[in-house]
Structure formats: structure tokens, C-alpha cells
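**Student:** My questions all concern the structure below.
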Amino acid sequence: MAIGIMSALHEELSGMLQAMPDEQCQNVGDRAYWCGHWQGHDVVAVLSRVGKVAAATTATALIERFGVDRIVFTGVAGGLGSGVRVGDVVIADSFVQHDMDASPLFPRHEVPLYGRSMFDTDANLSGQLLDAAQTVLADLGRHVQAQSIVDYALKGARCHAGLVATGDRFVSSRAESQALQLELPTALAVEMEGAAVAQVCHDYGVPFGALRTISDRADDEAHTDFVRFVSEVASHYSVAVLSQWLRQLT
Ligand code: ADE
């Protein structure tokens, strides 16, 4: 069975496709699913596009049409937790939808009729991703050749594991990120897809893991050089960490 790998942006996916020598494209529901091999493993890589709905339909097709036995999401996120800095890596251990609010019928953030607001990632898969990310960050210069990475290596990029908040909003003001920190004090980072994939994987009983490079601090400067960061820095992290993870997989 294959491993599903998802990203939201072209810049994030393109480096991974270059690492797959033999990928074949299959189109389903206006998405291109790239089936091939990476480090000897069967892989289906796909661009989900941005936001919860796009991510949920893509994850569903990966499971239903391509029969993947686990899904890994890789991309960028805004840092929320103190000490979570641009260039760091966050491995999600659980997800919450910060914009889910069916109150007063259900408690704030609870997904109605699930009786829960948090959806956990798979502990085993997340542990493997954390190991791989730590290995890469411990020697960034060896794993990633791109010149732009050197700065982050010098600044001592770190790896974190914990809660990630998801919502259909690019968080780009200090006021908004402070409000999120108050609402969800343990959230390390914010992005726009993870909780949707976590919910689909929960529904199907498919293990899920997520790796996010911190591209911004979800504040007034969040949009500055965002795309450049993704293509020059984050995409290299994704390739390096996932390559390392796949190498270690038996
Ligand atoms: N992905 C990367 N940065 C983000 C932010 N500030 N808000 C939402 N998603 C993001």
C-alpha cells in the first residue's frame, strides 16, 4: 500500500516531485495525484490547495481512490507559541479547528456530533517524523544544500511537538494571533488544512502525521516574503525531513 503525501502549495510539492524519479499523474476531482516511488516506497503525492474543504476532499480521495495506508501533510505554518520561531519545525501531535464555533449548541471548538475538539495525529508516525526532523535540524547544512537555509541553521532552528490550530483564515495581524493564543494557549502554530485531514483520517482509521516549517509569526509581517520563504526554505526542509523519514522506514 502507498503512503499519501499532501501539500497545500505548488512550491511545497515541487521539490518532492523532483525526488520521485518515476511519477505518473492521475487526475481525480480536479487534483493531480502523482503516483511513484521515493526512497523505494510507494508514494502518492498531491497538491491539496489551501483550506479545510480542499484538504478534506483531497485526503478522502487519497484514501478511497488510492488506498493509502497513512497520510503525511507537509507545509508551512505561522508560529503562535512563544519560542516557536521562523525556521523552526513543528510536528503536530493534535489539531483543533480554531474557527469551529457551534455555541451555544456545542462548546466552542467542539466538532458537532463528534464530542471532541481535538483530533490526534498517529503517535508512532509523529514520533518517526520528529526523529527525522531532529536528525535534519541537527545538521541542516549536510541535509539541505540551499544557501538560504544557512541563516536558519546558524540561528539554531529547533523542533517542537504539540497542538496545531487550523482555520480558513491566513492569520496576519498581531491582534488576531494574540486572540488565538488566549483562546488556545497550548497551540504552537496556526495553518489552514491540518485539522480537516486529521478529521478525515479519524473517520477512516488511517494514521496521520504532519510536519510544518514556521514561515512567519502570524503577525502584521506574516505576508512579507511568504512565497519566497516557501520556495527557498520550507520546501527544502520538507524534502530533507521526508527523505530522512522514508530512509528509516522499514
Ligand atoms: N500558514 C503559514 N502561515 C500562516 C498564517 N499566518 N496563518 C494561517 N496559515 C498559515
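**Student:** Sort out for me the helices (runs of 4 or more DSSP H) sitting completely within segment 93-196 that have 3 or more residues that are over 24 Å from Leu249 (Cβ atoms).
**Tutor:** Result: 149-154, 174-183.
**Student:** Go through segment 166-195 and give me each residue that's near the ligand (Cβ under 9 Å from one of its atoms), surrounded by fewer than 24 Cβ atoms within 10 Å (Cβ to Cβ) and of a type in the set (S, T, N, Q).
**Tutor:** Within segment 166-195, Ser172, Ser177 qualify.
**Student:** Something else about it: For segment 197-221, which residues satisfy the criterion of being within 11 Å of the ligand (Cβ to nearest atom), assigned to a loop (DSSP other than H, G, I, E, B) and in contact with a helix residue (DSSP H, G or I) (Cβ under 8 Å, 6 or more places away or on another chain)?
**Tutor:** Across segment 197-221, the qualifying residues are Arg217, Ala218, Asp219, Asp220.
**Student:** Only one of (1) modelled with pLDDT of 95 or more; (2) over 17 Å from the mean Cα position of the chain (by Cα) is not met by Ser82, so which one is it?
**Tutor:** Answer for Ser82: the failing condition is (1).
**Student:** Scan Gln147, Gln178 and give me the residue that is at pLDDT below 95 and farther than 30 Å from Gln26 by Cβ.
**Tutor:** Gln147
**Student:** Could you list, in sequence order, the residues of segment 47-67 that are over 27 Å from Glu183 (Cα atoms), surrounded by fewer than 24 Cβ atoms within 10 Å (Cβ to Cβ) and in contact with a helix residue (DSSP H, G or I) (Cβ under 6 Å, 6 or more places away or on another chain)?
**Tutor:** Leu47, Thr60, Ile63
Results for (1) charged (D, E, K, R); (2) touching a Gly at 6+ places or on another chain (Cβ under 7 Å); (3) at pLDDT 95 or above, shown as yes or no for each residue.
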residue	(1), (2), (3)
Gly4	no, no, yes
Gly15	no, no, no
Ala19	no, no, no
Glu23	yes, yes, no
Asp42	yes, no, yes
Gly67	no, no, yes
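**Student:** Then there is this: Please verify whether segment 90-113 includes one or more residues that are of a type in the set (Lys, Arg), over 19 Å from Glu232 (Cβ atoms) and within 19 Å of the chain's Cα centre (by Cα).
**Tutor:** No, because not a single residue in segment 90-113 is of a type in the set (Lys, Arg), over 19 Å from Glu232 (Cβ atoms) and within 19 Å of the chain's Cα centre (by Cα).
**Student:** Another question about this same structure. Can you tell me which residue in segment 88-113 is nearest to Arg158 (Cα to Cα), limited to those that are surrounded by fewer than 24 Cβ atoms within 10 Å (Cβ to Cβ) and within 16 Å of the ligand (Cβ to nearest atom)?
**Tutor:** Looking at the filtered set, the residue picked out is Gln97.
**Student:** With (1) under 22 Å from Ser14 (Cβ atoms); (2) away from the ligand (no atom under 13 Å from the Cβ); (3) part of a helix (DSSP H, G or I) as the list, and Ala234 as the residue in question, which single condition is left unmet?
**Tutor:** Exception for Ala234: condition (2).
**Student:** Outside any strand (DSSP E or B), surrounded by 17 or more Cβ atoms within 10 Å (Cβ to Cβ) and hydroxyl-bearing (Ser, Thr, Tyr), is that true of Thr74?
**Tutor:** no
The values are calculated or read from the model by the stated rules, or taken from the named source; none is laboratory data. The shown structure was predicted, so the numbers you read here are calculated from the model rather than taken from an experiment. FYI the Cβ positions are ideal-geometry reconstructions off the backbone, even for glycines, and counts take in every protein chain you see.
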